[in-house]
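Student: First, the structure itself, so that you have it in front of you.
The values are calculated or read from the model by the stated rules, or taken from the named source; none is laboratory data. Here the structure is a predicted model, which means the values were calculated and not measured. Every residue, glycine as well, gets a Cβ built from its backbone with ideal geometry; the counts of neighbours run over all protein chains shown. In case anyone asks, the SASA skips ligands and DNA or RNA and just uses the protein heavy atoms, side chains included. Shrake-Rupley method; radii C 1.70, N 1.55, O 1.52, S 1.80 Å.
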Amino acid sequence: MHQRAATDTRTGPEERERVAYGGLQAALLRTLVADAPLPEGFAPTRVRALADALERKRLRGAAKAWPGLASSLGERFAELFADYTRHCLPPADADPVADGIAFATWVRTATLDDRARQELLLVRARYVTGSGRARLRRGPAVAATRSLSGRGVLLVVGFPDVGVKTFALHLRPPTSRGPKVWNRSPGVASPPPRRVSRFRL
Amino acid sequence: MSRDGGELGLGIGWRGEIAGFIADLVANAESDRWRLGFVEVVAEHVDPRSPPPDLDALRRQGLAVVPHGISLSLGGSERPERARLERLRTLAERLESPLVSEHIAFVRAGGLEAGHLLPVPRTRTALDVLVANVREAQAALPVPLALEHVAALIEWPGAEMNEADFISELLGRTGALLLLDVANLYANARNHRFDALAWLDRVPLERLAYVHVGGGVERDGLYHDTHAHPVVEGVLHLVEQLCSRTEPPGVLLERDDRFPSRSELAAELVAIATTVGRGADRRAAPDASARRD
């Protein structure tokens with residue numbers, strides 16, 4: 001067949017070449033969709049423009065897949081979705097339908113304050129819910145949700161006969177809806193990591 | 001002029017939102033000048049075993065249907081997934097497609113999805129990986145594979161060659177065909193400030209499978225290839241320049257979002273067909289004002 005180039009005898013890339021190359025791609029992608037620091041050598045304004053374009057595309061995709069969801073939220077849709085993309089990565093295959101479902105779930109959680117979130121987590125950790133009545137769990141349980149105050153995680157861990165513990169993990173200092181990481185001004189020292197607070201309920 | 005992909009003619013990207021428009025256009029085709037000859041369907045948007053009946057109807061009316069993949073991630077560091085290739089193969093067989101197309105890009109890495117076609121670095125390593133991945137894809141597909149270069153807002157550091165040479169070597173080593181996206185060329189030439197005509201003179205136009213034409217918009221000093229806005233004059237100018245150099249087997253309008261009225265969409269198709277004709281005239285009579293600009 002014409003498309004097999006028989007004259008090219010060069011060997012294919014070695015596995016370690018692929019792995020190293022994949023690391024470069026992953027670093028760029030983390031910057032674009034997960035706010036990771038900008039890899040060296042890229043133009044920050046361009047990467048920012050691309051990240052914004054990706055976010056716009058994601059929003060348009062979800063809005064098209066879930067027109068009712070978008071219209072029911074009205075003007076808040078874009079704002080809430082932008083917040084959502086800052087906390088939730090694109091789903092497998094960047095599927096707009098799945099993205100819409102995840103967004104809808106997130107929006108419900110997003111409207112709760114931390115106290116209500118903890119409560120929700122405790123219920124999830126203590127009970128098995130689903131079809132029928134909620135019943136007490138027998139085995140250990142873990143549940144987590146995003147913390148409203150700052151970019152942290154509320155984590156609930158439950159063990160039978162021991163009880164349930166709630167943790168608030170602050171993964172990074174709270175940021176406002178401000179510039180993304182690659183825009184931070186040089187020379188500014190990072191604030192110390194937040195203490196992990198724990199308390200028994 | 002006969003090529004592996006055959007003569008495709010004028011085309012449009014088939015999307016559910018404009019399925020009615022396309023069906024009517026084909027049913028009421030009065031002018032041979034811009035009769036639709038083919039459509040392209042985004043491979044990931046249809047079930048390969050039971051694609052929309054509209055596509056079968058179009059095939060019965062003599063149109064070719066070309067599956068256009070967006071998720072193989074041929075430029076990715078990992079090998080193309082068997083299941084994705086299998087899906088593309090099934091679709092091409094089901095639609096009796098003359099060829100399939102994909103992109104010179106990656107869409108996932110390190111467990112993350114971009115949701116977008118991202119450019120690869122123009123390095124030897126990236127080229128070697130691409131060549132290996134494209135060969136695997138070719139081996140799994142029943143028809144020729146055409147590769148499209150993407151529009152990119154960013155440039156990787158450490159480029160070892162220009163884009164035209166990168167594409168030329170990729171096509172030379174794999175035997176793949178070229179899907180030339182004039183809007184992507186326009187966007188990259190504008191955003192990265194290079195000469196689009198020199199690019200056209202450097203890529204292997206003899207490997208041309210077909211051409212994409214799409215709309216875009218300028219935002220904050222950058223041109224965005226959106227497929228959601230009208231085709232700009234500069235893109236049509238490049239279509240004419242391309243057609244003054246070669247006769248493309250097919251030219252296809254891509255519109256993905258913010259669909260305009262039927263009359264506007266039809267007017268864009270007419271404008272493309274007219275521009276292709278103008279370029280052909282210049283090719284036929286190269287002395288008359290040709291190839292100056």
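Student: Using modelled amide H (1.01 Å from N, peptide plane; none on Pro or chain starts), what sits under 5 Å from the amide H of B:Val66, excluding residues fewer than 5 places away?
Tutor: For B:Val66, whose amide H was placed from the backbone, the distant partners under 5 Å are B:Val39, B:Glu40, B:Val41.
Student: Keeping every protein chain in place, order A:Phe167, B:Phe21 by accessible area at 1.4 Å, biggest value first, i.e. largest first.
Tutor: Working: A:Phe167 35, B:Phe21 15 Å².
Most to least solvent-accessible, the answer reads A:Phe167, B:Phe21.
Student: Between B:Glu218 and B:His45, what is the FRET efficiency for a Förster distance of 30 Å, r being their Cβ-Cβ separation, to the nearest 0.05?
Tutor: Numbers: r = 28 Å, r/R0 = 0.94.
Efficiency for this residue pair is about 0.60.
Student: Taking the full set of protein chains and a 1.4 angstrom probe, give the accessible area of B:Trp14 in square angstrom, rounded to the nearest 10.
Tutor: B:Trp14 has an accessible surface of roughly 20 Å² with all protein chains in place.
Student: For n ≥ 4 DSSP H runs only, could you compute -39500 (n - 2.57) per run for chain B, divide by its residues and tell me the 222 nm figure to the nearest 500?
Tutor: Details: 9 runs with 112 residues, N = 293.
Value at 222 nm, helices only, nearest 500: -12000 deg cm²/dmol.
Student: Heads up, I need the accessible area for A:Arg126: 1.4 angstrom probe, whole protein in place, Å², nearest 10.
Tutor: Approximately 100 Å² for this residue.
Student: Full-extension gain between B:Asp201 and B:Glu247, please, as 0.36 nm times their residue separation minus the C-alpha to C-alpha distance.
Tutor: Details: separation 46, 0.36 × 46 = 16.56 nm, distance 1.40 nm.
Here the segment from B:Asp201 to B:Glu247 would lengthen by 15.2 nm.
Student: Using the alpha-carbon centroid of each, what span in Å lies between the stretch B:224-293 and the stretch A:30-56?
Tutor: Each part's Cα centre sits 32 Å from the other's.
Student: Between A:Ala82 and A:Ala20, what is the spin-label point distance in nm, taking each point 7 Å from the Cα along the Cα→C-beta axis?
Tutor: Using points 7 Å along Cα→Cβ, the separation is 4.1 nm.
Student: Rounded to the nearest 100 Å², what is the sum over both chains of accessible area buried where B meets A, with a probe of 1.4 Å?
Tutor: Values: alone 12960 and 14420 Å², together 23420 Å².
Buried area (both sides, nearest 100 Å²): 4000 Å².
Student: Taking the Cα-to-Cβ direction at B:Ala139 and at A:Ala43 and moving 7 Å from each Cα, how far apart do the two end points lie in nm?
Tutor: 3.9 nm
Student: Keeping all protein chains in place and using 1.4 angstrom, which order do B:Ile104, B:Ile70 fall into by accessible surface area, from largest down? List each step's numbers first, then the result.
Tutor: Values: B:Ile104 15, B:Ile70 60 Å².
From most exposed to least exposed: B:Ile70, B:Ile104.
Student: When N is the residue count of the stretch B:127-257, what does its C-alpha Rg come to as a fraction of 2.2 N^0.38 Å?
Tutor: 1.05
Student: Would you work out the charge dipole size for the protein assembly as shown about its Cα centre, treating the Cβ of every Lys and Arg as +1 and the Cβ of every Asp and Glu as -1, and quote it to the nearest 20 debye? Walk me through the intermediate numbers first.
Tutor: On the way: 66 positive and 62 negative charges, 590 e Å.
It works out to roughly 2840 debye.
Student: If you don't mind, there's one more thing I want to ask. When the accessible area of each residue in the stretch A:31-57 is compared between its chain alone and the complete protein assembly (1.4 Å probe; ligands, DNA and RNA ignored), which residues differ by at least 40 Å², being lower in the assembly?
Tutor: A:Phe42, A:Arg46, A:Leu50, A:Leu54, A:Arg56, A:Lys57
Student: Follow-up question, since we're still on this one. Going by Cα centres, the stretch B:87-162 and the stretch B:26-81 are how many Å apart?
Tutor: Computed from Cα coordinates, the inter-centre distance equals 18 Å.
Student: Please check which bits of the stretch B:242-265 a label hung off B:Arg35 would reach, taking the label as a point 7 Å along Cα-to-C-beta and the cut-off as backbone N under 19 Å.
Tutor: B:248-253, by backbone N distance to the label point.
Student: Roll a 1.4 Å probe over the protein heavy atoms and report the accessible area of B:Asp201 in Å², nearest 10.
Tutor: 90 Å²
Student: Charges at C-beta only: +1 for Lys and Arg, -1 for Asp and Glu. How large is the resulting dipole of the stretch B:185-273 about its Cα centre, in Debye rounded to 20?
Tutor: Values: 9 positive and 14 negative charges, 20 e Å.
So the dipole magnitude of the stretch B:185-273 works out to roughly 100 debye.
Student: At 1.4 Å probe size, with the rest of the protein present, what percent of the exposed accessible area of the stretch B:217-264 is carbon and sulfur atoms? Let's see the in-between values first.
Tutor: Details: 880 of 1900 Å².
After summing per-atom areas, the C and S share lands at 46 percent.
Student: Going by amide H atoms built from the backbone, whose H comes under 5 Å of the H on A:Tyr127, apart from near neighbours?
Tutor: Answer set, sorted by chain and number: A:Arg137.
Student: Calculated FRET efficiency, B:Ala159 and A:Asp114, Cβ-Cβ r, R0 60 Å, to nearest 0.05? Please report the intermediate quantities before stating the final value.
Tutor: On the way: r = 48 Å, r/R0 = 0.79.
Step by step, r from the Cβ atoms, then E = 0.80.
Student: Could you order A:Tyr127, B:Tyr223, B:Tyr186 by accessible surface area, starting with the largest, using a probe radius of 1.4 Å? Can you show the working numbers first?
Tutor: Values: A:Tyr127 85, B:Tyr223 5, B:Tyr186 40 Å².
Largest accessible area first, the residues go A:Tyr127, B:Tyr186, B:Tyr223.
Student: How large, in percent, is the carbon and sulfur part of the accessible surface of the stretch B:94-175 at a probe radius of 1.4 Å?
Tutor: Numbers: 1080 of 2120 Å².
The C+S portion of the solvent-accessible surface of the stretch B:94-175 is 51 percent.
Student: Using the per-residue mean of other Cβ atoms lying within 10 Å as a proxy for protection, in what order, highest first, do the peptides B:211-221, B:147-157 fall? Don't skip to the answer; put the middle values down first.
Tutor: On the way: B:211-221: 19.1, B:147-157: 21.2.
Top of the packing list down: B:147-157, B:211-221.
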